[in-house]
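Colleague: The structure that follows is given in the form of structure tokens.
The values are calculated or read from the model by the stated rules, or taken from the named source; none is laboratory data. Keep in mind that this is a model prediction, so the values were computed, not measured. Here Cβ is always computed from backbone atoms with ideal geometry, including for glycine, and neighbour counts include all displayed protein chains. Ligands, DNA and RNA are stripped out before the accessible areas are found, and what is left, the full protein with its side chains, is counted by its heavy atoms. Shrake-Rupley method; radii C 1.70, N 1.55, O 1.52, S 1.80 Å.
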Amino acid sequence: QVQLVESGGGLVQAGDSLTLSCAASGRRINQYSMGWFRQAPGKERESVAAVRWAGDRTWYSESVQGRFIISRDNAKSTLYLQMNSLKPEDTAVYYCVADLYYSGLDEHYDYWGQGTQVTVSS
């Protein structure tokens with residue numbers, strides 16, 4: 001069983017930076033591709049970024065391309081999302097995801113964390 005625990009969310013101002021972390025645990029966890037999704041109030045859940053298990057391939061949604069950076073430290077079994085130049089429209093609950101067979105921006109991930117709230121004030 002895979003467990004994902006997000007942390008690092010909070011309240012920031014527009015233009016600030018924030019880094020989210022996702023502590024992952026489970027058998028073979030470092031062989032899982034991982035990613036981040038988000039859901040704002042009243043909106044559909046959307047993909048943010050993803051990284052292949054080896055860290056050699058990343059994907060970003062158009063809305064965060066050039067501002068967010070996804071990375072992983074397999075020695076620590078931890079996924080990160082560095083968010084720069086934050087905008088009010090980035091306000092959402094951010095979810096960490098993992099899957100052994102799929103990697104990319106579609107919602108094909110088997111495992112989801114509980115989420116962490118990010119609020120960006122204008």
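Colleague: Every residue in the range 76-122 that is among the acidic types (Asp, Glu), free of Cβ contacts under 8 Å to residues at least 60 places away in the same chain and assigned to a loop (DSSP other than H, G, I, E, B), please. If you could, list the steps in order and put the result at the bottom.
Modeller: Taking the range 76-122 and keeping what is among the acidic types (Asp, Glu), we get 89-90, 99, 106-107, 110.
Okay, now just the ones that are also free of Cβ contacts under 8 Å to residues at least 60 places away in the same chain, so 89-90, 106.
Within the range 76-122, 106 is the sole residue that qualifies.
Colleague: Follow-up question, since we're still on this one. Quick check on the range 18-41. Is at least one of its residues within 20 Å of residue 105 (Cβ to Cβ), touching a strand residue (DSSP E or B) at 6+ places or on another chain (Cβ under 8 Å) and not in a strand (DSSP E or B)?
Modeller: Looking for residues that are within 20 Å of residue 105 (Cβ to Cβ), touching a strand residue (DSSP E or B) at 6+ places or on another chain (Cβ under 8 Å) and not in a strand (DSSP E or B), one finds at least one in the range 18-41, hence yes.
Colleague: Against the definition (modelled with pLDDT of 95 or more, out of contact with any Asp or Glu (no Cβ under 7 Å at 6 or more places or on another chain), farther than 23 Å from residue 13 by Cα and of a type in the set (S, T, N, Q)), how does residue 91 come out, yes or no?
Modeller: no
Colleague: Which condition from (1) over 16 Å from the mean Cα position of the chain (by Cα); (2) of a type outside the set (Phe, Trp, Tyr); (3) more than 18 Å from residue 121 (Cβ to Cβ); (4) surrounded by 13 or more Cβ atoms within 10 Å (Cβ to Cβ) is the one that residue 14 breaks?
Modeller: Every listed condition holds for residue 14 apart from (3).
Colleague: Within the range 56-75, take every residue that is free of Cβ contacts under 8 Å to residues at least 40 places away in the same chain and in a loop (DSSP other than H, G, I, E, B) and give me the one that is most open to solvent (accessible area, probe 1.4 Å).
Modeller: Filtering the range 56-75 for residues that are free of Cβ contacts under 8 Å to residues at least 40 places away in the same chain and in a loop (DSSP other than H, G, I, E, B), the one most open to solvent (accessible area, probe 1.4 Å) comes out as 62.
Colleague: Now, a different point. Are any of the residues in the range 6-14 assigned to a loop (DSSP other than H, G, I, E, B) and farther than 15 Å from residue 119 by Cα? Can you show your working first?
Modeller: Pass one, the range 6-14, residues assigned to a loop (DSSP other than H, G, I, E, B): 8-9, 14.
With farther than 15 Å from residue 119 by Cα added as a condition, the list becomes none.
Looking through the range 6-14, none of the residues is assigned to a loop (DSSP other than H, G, I, E, B) and farther than 15 Å from residue 119 by Cα.
Colleague: Another one. Could you tell me whether any residue of the range 18-39 is hydrophobic (A, V, I, L, M, F, W, C), farther than 25 Å from residue 1 by Cα and surrounded by 15 or more Cβ atoms within 10 Å (Cβ to Cβ)?
Modeller: Yes, the range 18-39 has at least one match.
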